[in-house]
Amino acid sequence: MTSVRRLYVLLCGYEFLPKSVSTKGRGQRFILAEPICAYLLDTTEGYVLIDCGLNLAVLRDPELAERNYGRHVYPALPVVLPEHELLLQLGALGVRPADIGHLILSHVHIDHTGELRHFTHARISIQRREHDWAFGVHGNIAVRNADFDMAGLGWNIVDGDWQVMPGLEGLLTAGHTPGHQSFAVELPHGGSKILTCDAGDLWENFAEEISPGETAAPDEALPSIRRLKRIAAERRAELILLHDPNLVQTLRLAPEFYD
């Protein structure tokens, strides 16, 4: 039995990255427009949101955008069109921020934590390793602590693999960051899906077993990719990648869904 009724894939904009950020040692001269995605799950226990895109208030302010998303982070500023805006997409589904009682962070990079300020009422789940790293002296230009370092947040700290609810499992897939996590989803009719998040950005990472170029725990990155492939094979699950610019065009994007 699964508590998950529907899975929505939310396309929340595009970021421009040297391909070598996604594939270690490959593609230094190439710039990819990689999609930024989040996931909404409609469950019997309420709505669950996995990740929350970029901070649009920052992106829309030229000075803040340059300071936080400028050339020291991205070759060009990310693009978020109105149809990509997280809150507008949720609203089109009849979901208000207040309706989301649980927000899960795959990790704390800026393209995953940006709109968290709209969900400060929610339980916020994160791996302990990621939480400790985020609030330590990480020195990572892709982490904006202001997105999540707010008083009164209801942090739910987890260790390793964990069951969110029947049909939704968090999987510790360290490598890209020290406490990165992916997710296994069981749907009532659509079988199993593995939300890889940033364990590997591109299909190439999985097909050819190439580590991400951006890793905070490099020795764990490739084992995490291989682990997700093994789990997908055992469960006959579909891998759903978050950043692949080609694969995203084949997915059912909200308001469509998987059930």
| request: Taking only region 94-120 into account, find how many residues are more than 23 Å from VAL143 (Cα to Cα) and surrounded by fewer than 17 Cβ atoms within 10 Å (Cβ to Cβ). | output: 5
| remark: By residue number, the members of region 186-204 that are more than 30 Å from ALA57 (Cα to Cα) and crowded, with 16+ Cβ neighbours inside 10 Å are GLU186, LEU187, GLY190, SER192, LYS193, ILE194, GLU204
| message | Please determine whether any residue of region 69-79 is loosely packed, with under 14 Cβ neighbours inside 10 Å and assigned to a helix (DSSP H, G or I). | response | no
| field | Top-ranked residue in region 230-245 [being closer than 20 Å to GLU214 by Cβ and without any contact (Cβ under 8 Å) to a residue 60 or more places away in the chain; ranked as farthest from the chain's Cα centre (by Cα)] | value | LEU239
| Selection within region 163-185 - open to solvent by 10 Å² or more (accessible area, probe 1.4 Å) and either modelled with pLDDT under 95 or farther than 20 Å from ILE100 by Cα (or both) | LEU172, HIS176, PRO178
| query | For region 147-224, which fully contained strands (runs of 3 or more DSSP E) count at least 3 residues that are over 26 Å from ASN55 (Cβ atoms) and touching a residue at least 60 places away in the same chain (Cβ under 8 Å)? | reply | 181-187
| query | Can you name the residue in region 121-137 that is assigned to a loop (DSSP other than H, G, I, E, B) and open to solvent by less than 50 Å² (accessible area, probe 1.4 Å) and, of all such residues, is farthest from ASN55 (Cα to Cα)? | reply | GLY136
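The values are calculated or read from the model by the stated rules, or taken from the named source; none is laboratory data. Here the structure is a predicted model, which means the values were calculated and not measured. Ideal geometry is used to build each Cβ from the backbone, glycine not excepted, and the neighbour counts take in all protein chains shown. For accessibility, only protein heavy atoms count, side chains too; no ligands or nucleic acids. Shrake-Rupley method; radii C 1.70, N 1.55, O 1.52, S 1.80 Å.
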